[in-house]
There are 2 protein chains.
Amino acid sequence: MTRAPQKRRLETRARLLEMAAAIVQEQGYSGLRVEDVVARAGVAKGTLFSHFKDKDGLLAVLIGDEVLRLLDGMEAGGAPRDAAELTARLAPHLDYVGQDRVIFDLLLRYSGTTAAEPDEVITAGFLRQVALLTRWLQLLQAAGRIRRDQPPELLAEGIQAFLNHVLGVWFCMEHDDETPPARALEPYLQAWLQPAT
Amino acid sequence: MTRAPQKRRLETRARLLEMAAAIVQEQGYSGLRVEDVVARAGVAKGTLFSHFKDKDGLLAVLIGDEVLRLLDGMEAGGAPRDAAELTARLAPHLDYVGQDRVIFDLLLRYSGTTAAEPDEVITAGFLRQVALLTRWLQLLQAAGRIRRDQPPELLAEGIQAFLNHVLGVWFCMEHDDETPPARALEPYLQAWLQPAT
DNA sequence: TTGTAAAAATGACCGCGGTCAATAAAAGAG
DNA sequence: CTCTTTTATTGACCGCGGTCATTTTTACAA
């Protein structure tokens, strides 16, 4: 008979996440070292890896959490009324991911995970994002603001593709460059969703 | 007075690449360990890192080389006559990259590098691929087989985006799945290049 | 040939993510 | 309160990529 996870364990997990978040706050994602996390949380290294599969597993929770918060912001803005407004809704997400390559790499690694364990926050985030995009695209199609010759699911996945493409390029160049990801995304979405004439 | 790189050094570099390629042949890219490479090449570890910036730098040469060979194949096929034929030309590339996540990750890291040092094989490969795609798209536009309302450069970059998207998803799922990347790419390219009516 | 400065190669060493057999702490059973 | 079983934690240890002060080799001048 398997038992439910005990209270003490949950507290440890919470403390690990809390300390990790604090370090990220101070040093950024790239500055996060497992040894620092466990030191601050006052546990041994092995403990961390009994709570999270690996360092990425820990990051996935932190980042997934943030993605969910960004989604709240997106939804709060209400349904966009055209392609340009949709781009604007995506801007915060791009800004967040664009701030550190670690975020990008991790999201990319999980971005295709449509199935999988629902307790993984990051997966939940993706499912919600795709669902939200699809819903919005349906509305835009109904309003005749974007093309209607393709199913909204395909268009949504296409948007994901352009999002990642733009970010990938962003991380390859020196950032003195003045074009932020959100701005670079525009021409792609305009072309991809081009309004029905 | 700086001197040109000496013969002996070039031989060492060549031997390192040769041995690395052999190991990849046997164990795949994921199985490549720096220690094995230097052991086979009969040099110390530090030597490898004086020839290549890091492990990725070594892989970049190996993979970039392979990408160039694939490009030869693409060009040998001649210019495609419609979107479907273009997809077919890209299939070998997808098959190659899809065989190991290491290849994908590395190509993605370099994929935005449009400028940079021309002696990097992998950069050369990308420039050539983009140029080739652009040229083909121009021809297809001229022939009226694809949309003409967007510059071929934008369409080419879009294709890159879909390529990476499809591959990203591919690596996220169990590979018992029967849909290979090339097949998954089709609907995107059809939609993205949708023929002028 | 010999002296010397640049180039090339060396390998001990480090950082850091991740493992695992051993140990401690909790949770019932009697 | 014991004894036993499950759960949670520990920290020494490992693998592997990457560094750097030191040593060896090479090229060239006197």
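The values are calculated or read from the model by the stated rules, or taken from the named source; none is laboratory data. Since the structure is predicted, the reported quantities are computational estimates derived from the model, not experimental observations. All Cβ positions, even for glycine, are placed from backbone atoms using ideal geometry, and neighbour counts span all protein chains on display. Heavy atoms of the whole protein, side chains included, go into the accessibility calculation; ligands, DNA and RNA do not. Shrake-Rupley method; radii C 1.70, N 1.55, O 1.52, S 1.80 Å.
Remark: segment B:1-51 is approximated by an ellipsoid whose semi-axes, taken from the C-alpha gyration tensor as √(5λ), come to 24, 10, 8 Å, largest first. For segment B:52-83, the residues whose amide N sits under 18 Å from a probe point set 7 Å from the Cα of B:Ala22 along the beta carbon direction are B:59, B:62. Helix B:181-192 and the longest principal axis of the Cα set of chain B meet at an angle near 40°.
Residue separation times 0.36 nm, minus the C-alpha to C-alpha distance between B:Asp149 and B:Ser50: what's the value? Could you put the intermediate results ahead of the total?
On the way: separation 99, 0.36 × 99 = 35.64 nm, distance 4.88 nm.
Gain on stretching B:Asp149 to B:Ser50: 30.8 nm.
In the assembly of identical copies, B:Ala79 has its label point, taken 7 Å from Cα in the direction of the beta carbon, separated from the corresponding points by 4.4 nm (ascending, one decimal).
All Cα-Cα separations within segment B:53-192 were binned at 5 Å from zero, giving a P(r) of 2, 10, 20, 23, 20, 15, 8, 3, 0, 0, each value a whole percent of the pairs. What angle do you read, to the nearest 10 degrees and between 0 and 90, between the alpha-carbon axis of helix B:83-98 and the longest principal axis of chain B? Rounded to the nearest ten degrees, it is 30.
Report the per residue volume, in Å³, of the convex hull enclosing the C-alpha atoms of the protein assembly as shown.
Working: hull volume 80.2 nm³, N = 394.
Convex hull of Cα atoms, per residue: 203 Å³.
Give me the inter-chain shielding for B:63-72: mean count of other chain Cβ atoms within 10 Å, whole number please.
Values: counts 0, 0, 0, 0, 0, 0, 0, 0, 0, 0.
So the per-residue partner count for this stretch is 0.
Please compute the net charge surrounding B:Asp36, taking Lys and Arg as +1 and Asp and Glu as -1 over other residues with Cβ under 14 Å from its Cβ. Present the calculation step by step, with values, prior to reporting the outcome.
Details: positive: B:Arg15, B:Arg33, B:Arg40, B:Lys45, B:Lys55; negative: B:Glu18, B:Glu26, B:Glu35.
Charge balance near B:Asp36 sits at +2.
Report the calculated FRET efficiency for A:Glu178 and A:Ala76 (r = Cβ-Cβ distance, R0 = 25 Å), to the nearest 0.05. Plugging the Cβ-Cβ distance into 1/(1 + (r/R0)^6) gives 0.30. Taking the longest Cα principal axis of chain B as reference, the axis of helix B:55-76 is set at about 40 degrees.
Heavy-atom surface analysis with a 1.4 Å probe gives segment A:62-192 a carbon and sulfur content of 52 percent of its accessible area.
Given a 1.4 Å probe, how much area per residue of the protein assembly as shown is accessible, in Å²? If you can, show how the numbers build up before the last one.
Numbers: 19950 Å² over 394 residues.
Accessible area per residue: 51 Å².
Hydrodynamic estimate: the Kirkwood radius of segment A:1-93 over Cα pairs, inserted into Stokes-Einstein at 20 °C and 1.002 mPa s, corresponds to D of 140 µm²/s.
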